[in-house]
Amino acid sequence: MPFDLGYQFGFLNHNGMIMWGEDWKSNNLFFDGSWAIFPPMYGAKIEEGFQNDSNNEIPLDSLGVVSNIEYQQGDYGLDKFSIEIDYLEKNRSLELFGFKRSYFGNINQYYLNTQQPQQQSYTLSLKSFDNDVNTGLTVGHFNTLSGFPDLETNGLFDNRITSLNYFLVKKLGSSSIGFEMDQFLQRYKAIHHLSLYNNPRFLNRSVYKAELTSSINQMPILLGISINDRATILDSRVHIGWVNFYSNLKWSNLNLFTSVIKDENQFLYDYSLIF
């Protein structure tokens, strides 16, 4: 649900619930959902990648260069530009994406008296598949600088995100083993008369994941472990870490998911059974 025609701010109805404080991914890039909750803010490619599962496979017969440029102007200073270049060769790919958006708002509520675009997004992705080893590296940088509606002060929304993902999948016959690493860095500053903290705040998030997929009597099974680390800095530093052990078993129309999360003080158990 966007708050404006530029799709810069809003909230997301995901699976019937407002997405808030929930981790999410797009085009392999990881986003910590503490302060990043609206995928359309970062451009159509990020929005589309969030809605669709990331595909790490490379078409074996794809060769050449594919480019796409889009430019849009609209009311209230709306100005959007995006460029995407995909270079494909046998078993390898390189993807470049750039996006910028400017939008003043219907009453200039987002105007900040600067030539810098309200939103800038850049991503680079490298993938390769060779001898049953699938690997890739993706990095993205997202810069938001916008006015923020406020009747009592000059509101500001200043947000910078850098996200990096690396994955490696090794096929072992009918089974596979995978490793994935995510690093997420965010600097966020908001000035508003309702905000209790107007200085820059920082978030550093790391996720390391290993998964084994196989089948037992033609039943797909997945076993995984995810190691998480998050540090937030405002006027003080808060650090938490936790480990998640999980499994997923599919049999006919039955899907059983189990999870055990261990933090510094306790174990948390969860399971779901879907028919």
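Please find, within the stretch 189-205, the residue that is modelled with the lowest pLDDT out of those that are surrounded by 13 or more Cβ atoms within 10 Å (Cβ to Cβ) and more than 10 Å from THR232 (Cβ to Cβ). Among them, the one singled out is SER195. Of the residues making up the stretch 199-207, one or more are within 28 Å of ALA36 (Cβ to Cβ), in contact with a Leu (Cβ under 8 Å, 6 or more places away or on another chain) and outside any strand (DSSP E or B). Only a single item in (1) farther than 21 Å from ASN28 by Cβ; (2) β-branched (Val, Ile, Thr); (3) surrounded by 15 or more Cβ atoms within 10 Å (Cβ to Cβ) is not met by ILE216, and it is number (3).
Of the strands (runs of 3 or more DSSP E) entirely within the stretch 28-118, those holding at least 1 residues that are out of contact with any Ser or Thr (no Cβ under 9 Å at 6 or more places or on another chain), modelled with pLDDT of 85 or more and within 18 Å of THR138 (Cβ to Cβ) occupy 64-73.
The numbered conditions (1) surrounded by fewer than 18 Cβ atoms within 10 Å (Cβ to Cβ); (2) of a type outside the set (Phe, Trp, Tyr); (3) under 16 Å from GLU70 (Cα atoms) are all true for ARG101 except (1).
Against the test of being surrounded by 17 or more Cβ atoms within 10 Å (Cβ to Cβ) and closer than 21 Å to SER26 by Cα, the options PHE157, PHE142 yield a single qualifying residue, PHE142. Looking across the stretch 230-275, the residues that are surrounded by 11 or more Cβ atoms within 10 Å (Cβ to Cβ) and not in a strand (DSSP E or B) come down to LEU234, ASP263.
Screening the candidates SER226, SER236 for the property of being without any contact (Cβ under 8 Å) to a residue 12 or more places away in the chain and either under 21 Å from the mean Cα position of the chain (by Cα) or under 28 Å from PHE38 (Cα atoms) (or both) yields one hit, SER236.
The values are calculated or read from the model by the stated rules, or taken from the named source; none is laboratory data. Model, not experiment: these values are computed from the prediction. Glycine also receives a Cβ, built like all others from the backbone with ideal geometry; neighbour counts cover every protein chain displayed.
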